[in-house]
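Engineer: Below is one structure. I have some questions about it.
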Amino acid sequence: MATRKGIIVTAIILGAIAAGSSVVWLVPQNRASPVVVSDYGNELEGVKDRHALIMAAMDSNLKSMLNKTISPDDFVSMAQTSSSQTTSLITELIESNPPPEWRPSYLNLDEALKKYNDYLTETISLANMMKNGISPTDLSNEMSKIDSMRNDTVSFIEKANETRP
């Protein structure tokens, strides 16, 4: 027969097992795998190359929309996709956590990507204006604003190149 002492010891053991397994399930665990970068120069170049592809595609798409070979709605869809891709590149730069000597270059490229997202937002605004009809003067003003934003992006890319260690 079970003694009172045996029952108490068994209850304590079962309680400890239950508490231990509960802690495993209740304590939040960091499931995101960290980005491990060993070559910060190649990481920076990879992000710049992918961004250059996005820029080239959107330049072509903008020209096509202005020439009316693609619809403003199609352009908006492509610009939103490009914005999402650009945001992913920003996240990649932030998560790579570069050492101090690479930080200025990474920060300048990060700023270029943010400016490019602003540029994409402005081109989406232009597409919406074109859907509703836009005067030549308004189109000219909007294009000069868009060109200025794109130049800001290129300027930060150049700064990122200049600040490389």
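Since every read-out is calculated from the coordinates, none of them should be taken as a lab result. Keep in mind the model is a prediction, meaning the values are calculated, not measured. Virtual Cβ from ideal backbone geometry, glycine too; neighbours counted across all protein chains shown.
Engineer: Which trypsin sites (Lys or Arg not before Pro) in the range 66-118 sit in a loop by DSSP (not H, G, I, E or B) and have at most 10 other Cβ atoms within 10 Å of their own Cβ?
Structural biologist: Loop-located and lightly packed - Lys68.
Engineer: Once you have a ≥ b ≥ c as the square roots of the Cα gyration tensor eigenvalues for the range 40-162, tell me rounded if a/c is under 1.5, and otherwise prolate or oblate according to whether a/b is larger than b/c.
Structural biologist: Prolate, since a/c reaches 1.5 and a/b exceeds b/c.
Engineer: Please work out the ratio of the alpha-carbon Rg of the range 52-99 to 2.2 N^0.38 Å and round it to two decimals.
Structural biologist: Scaled against compact globular proteins, the figure is 1.43.
Engineer: With 10 angstrom as the radius, rank Val76, Val9, Val47 by how many other C-beta atoms surround their C-beta, starting from the fewest.
Structural biologist: Val9, Val76, Val47
Engineer: Given a cut-off of 25 Å, name the pairs among Lys63/Lys159; Lys68/Lys159; Lys48/Lys114; Lys114/Lys145 whose C-alpha atoms lie farther apart than that in the structure shown.
Structural biologist: With Cα atoms farther than 25 Å apart: Lys63/Lys159; Lys68/Lys159.
Engineer: Assuming R0 = 22 Å, can you tell me the calculated FRET efficiency for the pair Asn128 and Asn67, based on Cβ-Cβ distance, to the nearest 0.05?
Structural biologist: Once rounded, the FRET efficiency stands at 0.80.
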